[in-house]
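Here is the structure we will look at, set down as structure tokens.
The values are calculated or read from the model by the stated rules, or taken from the named source; none is laboratory data. Since the model is a prediction, treat every value here as computed from it, not as a measurement. Here Cβ is always computed from backbone atoms with ideal geometry, including for glycine, and neighbour counts include all displayed protein chains.
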Amino acid sequence: MLIQLLFVLTFIILGARLGGIGLGVMGGVGVAMLTFVFGLQPTTPPVDVMLMIAAVISAAACMQAAGGLDYLVKLAEKLLRSHPQYITILAPLVTYLFTFLAGTGHVAYSVLPVIAEVATETKIRPERPLGIAVIASQQAITASPISAATVALLGLLAGFDITLFDIMKICVPATLLGVVAGALVSMKVGKELVDDPEYRRRLKAGELDVKHCELESAGNKKKACLSVVLFIAATVMVVVFGSVPSLRPSFNGELLGMPSLIEMLMLSTAALILVLTRTDGVQAVKGSVFSAGMQAVIAIFGIAWMGDTFINGNMIALVGSIEHAVTEMPWLFGIALFVMSILLYSQAATVRAIMPLGIALGLNPMMLIALFPTVNGYFFIPNYPTIVAAMNFDRTGTTRIGKWVLNHSFMLPGMVATVVAISVGLLLIQF
């Protein structure tokens with residue numbers, strides 16, 4: 001088993017280094033190795049999860065193509081410029097909301113340059129709002145009702161009479177409070193901008209000339225608004241149907257499953273956006289949302305398949321070796337989720353690869369929900385795209401990687417937000 005685990009971790013690390021769809025395709029290689037070399041029977045690929053994600057991403061991509069995301073960014077810019085002195089608090093709430101609505105943290109790219117510019121103009125250290133804004137865009141993944149990670153967790157807990165609302169009523173307040181705590185801590189991070197040596201060096205060298213970021217036009221405002229309304233309406237319907245099972249039709253005594261319902265709702269929403277806003281469907285696949293979403297689908301395909309195959313083939317040994325420790329101290333499973341998320345660079349892939357082990361260990365489903373935000377650990381190593389983008393958008397040089405790599409601008413707000421979210425979640429499940 002240890003040799004198999006070594007191979008699995010090797011393929012995960014290699015896939016993460018390749019980037020893009022590398023994680024997924026290396027997972028496929030891992031499945032082949034486990035099957036042909038170690039003789040494990042491959043499990044069934046997570047088809048429902050992949051199809052749900054594809055459907056949600058299709059709707060979000062159509063909204064982006066119709067100008068919906070640009071419209072939301074303009075609203076966010078107006079809010080931030082109206083209250084620049086509160087940008088360290090407002091910026092993470094904006095990126096949290098964007099991710100919550102879209103189901104992917106990559107939508108934060110659109111608002112990061114606005115945050116950097118407003119902070120610089122107000123002489124607020126950009127590291128403060130940028131660091132927590134990126135963390136907030138990750139934390140919201142584990143609260144969004146349509147994110148790949150939440151959909152994956154809901155699918156795994158379907159047999160425990162757990163509804164979407166059960167997940168949201170724990171994770172939404174937990175992650176929101178975590179983000180606010182991270183923002184409050186961030187307000188005191190580093191020196192004031194005017195006293196920062198790197199900022200003063202760049203200012204003296206003439207590297208900080210006034211530079212207003214240019215946002216893409218939202219085009220036809222009516223079309224953009226309509227696409228946003230349709231997408232939000234679909235998200236609300238997902239929450240309602242997921243929270244009130246009696247509203248779903250039944251066939252032969254069985255309720256329509258949430259995977260099929262989400263797929264129908266989101267594909268229908270994508271179609272409505274294209275038809276009612278007269279948007280070219282080709283443009284939807286060219287946007288950043290579709291690209292990031294499809295990478296997530298491939299990652300889950302390979303990594304989850306490899307993880308399922310490894311866990312299923314070694315279930316008795318795995319459960320026997322850690323059952324006592326995890327049963328006595330369930331938070332240890334949260335540490336395992338956190339560490340694996342650092343390696344996998346994907347909340348959804350982490351859920352699909354590791355959560356089945358928690359279920360097999362007999363952990364309380366509500367405990368697994370409380371530990372859900374621990375899958376947001378990929379800020380730990382500062383090379384995730386949104387982290388790199390935030391550092392590049394900060395022209396003052398305050399948002400950076402430290403001398404020892406791990407002492408970077410995202411570590412403190414990330415750890416505070418995660419610890420607070422878990423603590424609040426563990427407290428909420430007691431009620």
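Some points to look at:
- Residue 246 being modelled with pLDDT under 85, over 30 Å from residue 420 (Cα atoms), in a helix (DSSP H, G or I) and among the polar types (S, T, N, Q): yes
- Unique match (being surrounded by fewer than 17 Cβ atoms within 10 Å (Cβ to Cβ), among the β-branched types (Val, Ile, Thr), farther than 20 Å from residue 380 by Cβ and at pLDDT 85 or above) among 316, 359, 322, 335: 359
- Where helices (runs of 4 or more DSSP H) sit wholly within region 1-97, those with at least 3 residues that are among the small types (Gly, Ala, Ser) and farther than 24 Å from residue 288 by Cβ occupy 22-36.
- Candidate set: region 64-75, residues that are touching a Leu at 6+ places or on another chain (Cβ under 9 Å) and at pLDDT 85 or above; chosen: the one surrounded by the most Cβ atoms within 10 Å (Cβ to Cβ): 66
- Residue match in region 388-397 (condition: outside any helix (DSSP H, G or I), in contact (Cβ under 8 Å) with a residue 60 or more places away in the chain and surrounded by fewer than 19 Cβ atoms within 10 Å (Cβ to Cβ)): yes
- Counting only residues that are surrounded by fewer than 22 Cβ atoms within 10 Å (Cβ to Cβ) and not aliphatic (A, V, I, L, M), region 81-105 holds 6 of them.
- Annotation note: of 221, 169, 211, 204, the sole residue that is among the basic types (Lys, Arg) and modelled with pLDDT of 90 or more is 169.
- Matching residues, region 332-387, being under 16 Å from the mean Cα position of the chain (by Cα), under 27 Å from residue 44 (Cα atoms) and outside any helix (DSSP H, G or I): 345, 346, 371
- Close pairs from region 406-423: first without any contact (Cβ under 8 Å) to a residue 40 or more places away in the chain and under 17 Å from residue 88 (Cβ atoms), partner part of a helix (DSSP H, G or I) and small (Gly, Ala, Ser), Cβ under 7 Å, at least 6 apart: none
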